[in-house]
């Protein structure tokens, strides 16, 4: 089956990828909290369970796991899964924006290749 994705499928799959990238940003924010960086393993886990960034990220991941299953009910996995690569492209860019992480020309070129491949698959 080589059917094209509908606009609504592309938008829903893109929203999924954006949510996954946002979840990664929230996980990074949770990891940067001082309470998580020190203490015993139990103390770190307890602080994580009280960390609003972590809890929000888990909530987003849980909600979008349900959305993913729903998406797969009407979208072939072979057409849907490549959209996960969009999250791989967005996450480093968000890391640059929110955490001043380095965005090298080589990274940008690699991300353009990923996005070009996604365009070929979705188109």
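Just so you know, all these numbers are worked out from the coordinates, no wet-lab data involved. Source: prediction; values computed, not measured.
Descriptive notes on the structure:
- Remark: segment 7-122 projects, on average over all directions, an area of 8.4 nm² (convex hull of Cα atoms).
- Relative to one another, the C-alpha centroids of segment 68-123 and segment 17-66 are positioned 21 Å apart.
- The chain: calculated mean residue ellipticity at 222 nm from DSSP helix runs of at least 4, using -39500 (n - 2.57): -25500 deg cm²/dmol
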